[in-house]
Amino acid sequence: MKNLKKFGLLMMVAMIVAFAAACGNGNNSASDGDNKSSDGGNKELSGSLVISGSSAMQPLVAAAAEQFMNDNPSVDVQVNAGGSGTGLSQVSEGSVQIGNSDVFAEEKDGIPADKLEDHKVAVVGMTAAINPKVGIDNISKEDLIKVFTGKITNWKELGGADQKITLVNRPDSSGTRATFVKFGLDGATPAEGITEDANNTVKKIINETPGAIGYLAFSYLNDDKVKGLSIDGVKPTDENVQSGKFPIWAYEHSYTKGKADGLAKAFIDYMMSDKVQNDLVPNQGYIASSKMKVERDAKGNMK
Amino acid sequence: MEKTVPASKRLMKSSKSRMNGEFTGRLLVTLCALIMIAATVSITIFLGTKGLQAFIKNGVNPIEFLTSANWNPLKEKPGYGALTFIFGSFAVTLLSALVAAPLGIGGAIFMTEIAPSWGRKVLQPVIELLVGIPSVVYGFIGLTVLVPFVRHHIGGLGFGLLTGTVVLAVMILPTITTIATDAMSTLPKNLREGSYALGATRWQTIRKVLIPAALPSLLTAIVLGMARAFGEALAVQMVIGNSRDLPSSILDTAATLTTIITLNIGNTTYGSVENNTLWSMGLILLIMSFGFILLIRYLSSRRKL
């Protein structure tokens, strides 16, 4: 009797485990949403849309989603952060309709980039940001590379204060780091330093650490807590990015699997509309992609 | 249809419903237990399969993974060595236990032996208050207060093993103190009285009788605290610096398994080698926590009282 009970218990555990495992594999496509009803332009939009990915893009997309839902009351848009990698993975396996990313899908391992359609909804400019007490405001690219690869270790060599240089990096997989390394450092690998992911934390560390240098998006250079450096005499401004003079910038991508349709298309069209591009995008600290005079492909070639 | 229900039926029914109550209660709690077991087993299976993918599918050498300090997943010639992070995890865990254990056990002795009435009234709520603070707040306090303090008064960048140790020590202090206090206060009274009767002083009693008697439980308290420290991510991430170099001193920046996982997992794509190696690090954490549990089991089985 006792053995029988034990056996029964074991069987139940086994069954529940099997059930749980089955569930884990099965529900990837559960959130596909019912967005097929909105192809015609005149029909009122309805249904739900799930967006995930880049945490840097989340505030912009969430703000746009809110306005979009105000205009279309029967639409439900959910915006999740989670990182560019998560966004790309989830959109390519179909568990979300839009995946946001700071980098081109071609640059990430294991993503079928040819199956995804790229919508460049905004541009983000970034530059080297230093502690204001360092006392310089321009750096040549050559010196920037030397600073980040550890060949220059004191600001005094560049005419600044006599302070040891402390690097504040992003993690290897970060899109911001990839962009900065590619266009700011011409591919040189940064030396080791403090590593943090969130823009706000990086800003705080640069602000509080004497001699610190890191890299930040323009939207975080809005006060005198950190100073954004000009590179080769070119100021880090939206205009200079738009005209192609300032080199360090990246697209913010919204990817759809295959051609965008239904609600996903409506939302991306909304993101690209003048209403969002002229208003929300600059307010959130991004650069409107519709105003870019230059273009760049996944390999970094300018057009 | 009968108008009145026969007594036998009514009785049968009531007895049946009582049986049902008995059965439902039993079923409910058994179900709860089974769900818990199932959750643990499925997490283990899931993490096991995910964590081994890097070695099986991507061909990362497990020995290199455990013994190399070269972590460069995005280079032309990628290196997948997690030794730095494994070392960092162990270093902060052991160091923080080294700080928190004497404090926690000292506090426990104070509460149970020195000043049981008011000591407990004051110290217990203070300690318990520490549990409710979210770890991100600990991290932020560490970043705002502790990092500049260490930089100005001790040296280095402020980010590093030392700061991580202090933050973690505060975080695991409640665990150690609470369990140690319980262990000390459940010691039978006749131990103390016997010792006093032999002419021992209070300090002799504590040192020679009470601490040895409670030792297995005290060790359990420390190990539980260490288990918490080993798995902590957010607070440590903000103060430890997260660099990939092996630290050569306590003031150097370091990284732990958990901080590397939280920094990178969102940015990597599912199924890529880097993502899979991060899962392998998760597997190491799981194996370690099994290790801690086994250690606790062993220690508590040694308890004689």
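For region A:275-299, the residues whose amide N sits under 19 Å from a probe point set 7 Å from the Cα of A:Val234 along the beta carbon direction are A:286-299. The length gained on full extension between B:Lys189 and B:Gln204, counted as 0.36 nm times the residue separation minus their Cα-Cα distance, comes to 3.8 nm. Summarising the strand pairing of the protein assembly as shown, around 65 percent of its internal DSSP beta bridges are antiparallel. Classified by the C-alpha gyration tensor, chain B has an oblate form. Its axis ratio a/c, with a ≥ b ≥ c, is 1.5 or above, and a/b does not exceed b/c.
Electrostatic bookkeeping for B:Ala200 treats Lys and Arg as +1 and Asp and Glu as -1; over the other residues with beta carbon under 11 Å from its beta carbon, the sum is +3.
Our note on the geometry: Cα centres of region B:244-281 and region B:155-214, 34 Å apart. To the nearest ten degrees, helix A:2-26 and the longest principal axis of the Cα atoms of chain A are 60 degrees apart.
For chain A, the longest principal axis of the alpha carbon atoms and the long axis of helix A:199-208 meet at an angle near 30°. Roughly what angle does helix A:262-272 make with the longest principal axis of chain A, taking Cα atoms, 0 to 90 degrees, to the nearest 10? It works out to around 10 degrees. In this assembly, the A-B interface accounts for approximately 3000 Å² of buried accessible surface in total, computed with a 1.4 Å probe and without ligands, DNA or RNA. Among B:Asn242, B:Asn276, B:Asn58, the largest mean-square fluctuation in a Gaussian network model of chain B (Cα springs under 10 Å) belongs to B:Asn58.
When only Cα pairs below 8 angstrom with a gap of at least 6 residues are kept, chain A shows a relative contact order of 23 percent. Of the solvent-accessible surface of region A:125-243, computed with a 1.4 Å probe over protein heavy atoms with every protein chain present, carbon and sulfur atoms account for 45 percent. Summed over the residues of region A:78-218 and divided among them, the accessible surface reaches 33 Å² per residue at a probe radius of 1.4 Å.
Between amide H atoms placed 1.01 Å from N, distances below 5 Å from A:Leu216 occur with A:Thr127, A:Ala129, all of them 5 or more places distant or on a separate chain. Kindly identify region A:125-243 as rounded, prolate or oblate by the Cα gyration tensor criterion: order the square roots of the eigenvalues as a ≥ b ≥ c, call it rounded if a/c is under 1.5, otherwise compare a/b with b/c, prolate if a/b is larger, else oblate. Verdict is rounded for region A:125-243.
The label point for A:Asn200 and the one for B:Ala39, both projected 7 Å from the Cα toward the Cβ, are 2.9 nm apart. Apply the a/c threshold of 1.5 to the C-alpha gyration tensor of the protein assembly as shown and tell me whether it is rounded, prolate or oblate. Judged from the Cα gyration tensor, the protein assembly as shown comes out oblate (a/c at least 1.5, b/c at or above a/b).
Amide hydrogen proximity for A:Asn100: with H placed 1.01 Å from N in the peptide plane, the residues at 5 or more positions away or on another chain lying under 5 Å are A:Ser52, A:Gly53, A:Ser54, A:Tyr255.
Hey, can you rank A:246-255, B:281-290, B:116-125, B:101-110 by average C-beta count inside 10 Å, highest first? Kindly include the intermediate steps, with their values, before the conclusion.
Values: A:246-255: 25.2, B:281-290: 17.4, B:116-125: 12.6, B:101-110: 19.3.
So the order, starting with the most tightly packed, is A:246-255, B:101-110, B:281-290, B:116-125.
The alpha-carbon of B:Lys189 sits under 14 angstrom from the alpha-carbons of these aspartates and glutamates, leaving out residues fewer than 8 places away in its chain: B:Glu113.
Peptide B:244-251 shows a mean partner chain C-beta count of 1 within 10 Å per residue C-beta. Across peptide A:79-87, the mean count of Cβ atoms from other chains lying within 10 Å of each residue's own Cβ comes to 4.
Could you work out [θ]222 nm for chain B from helices alone, using -39500 (n - 2.57) per DSSP H run of at least four and dividing by all its residues? Round to the nearest 500 deg cm²/dmol.
Details: 12 runs with 213 residues, N = 305.
Value at 222 nm, helices only, nearest 500: -23500 deg cm²/dmol.
For a straight C-alpha distance cut-off of 19 angstrom, the aspartates and glutamates reachable from A:Lys235 (same-chain residues fewer than eight places away being disregarded) are A:Asp137, A:Glu142, A:Asp143, A:Asp186, A:Asp223, A:Asp224.
The values are calculated or read from the model by the stated rules, or taken from the named source; none is laboratory data. The structure presented is a predicted model; accordingly, all values stated were derived computationally and were not measured. Here the Cβ is made from the backbone with ideal geometry for all residues, glycine too, and neighbour counts use every protein chain on show. Accessible surface areas use protein heavy atoms only, side chains included; no ligands, DNA or RNA. Shrake-Rupley method; radii C 1.70, N 1.55, O 1.52, S 1.80 Å.
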